[in-house]
Amino acid sequence: MGRIDMHASLKSALALLAAPDLVEATIWGSGPFNQWGVDLANRLAIELPPLVDGRIAAQGRDGFTVGLVSNFRPLKGSGDA
């Protein structure tokens, strides 16, 4: 049995996962990567670091975000995260 190329396997898996989005975007005439999840991830990437660092409070956020932040804050100072 030959050696598995993990990089090529990952690229193939990602292409397989992206294919339905591309087909759907072609049918509907929309941008395949203009999705609410991408926009949400971009917003969270900007908003989460100040929450985890404690520079702003997590109150008023959804329960999942509050729980996530409360679990990561203690780890930040210990070097585990």
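Values quoted throughout were computed directly from the atomic coordinates according to the rules given, and no laboratory measurement underlies them. Since the structure is predicted, the reported quantities are computational estimates derived from the model, not experimental observations.
For the range 3-57, the equivalent ellipsoid built from the Cα gyration tensor has semi-axes of 31, 21, 5 Å, listed from largest to smallest.
The calculated Kirkwood hydrodynamic radius for the range 35-81 is 11.3 Å, given to one decimal from all distinct C-alpha pairs.
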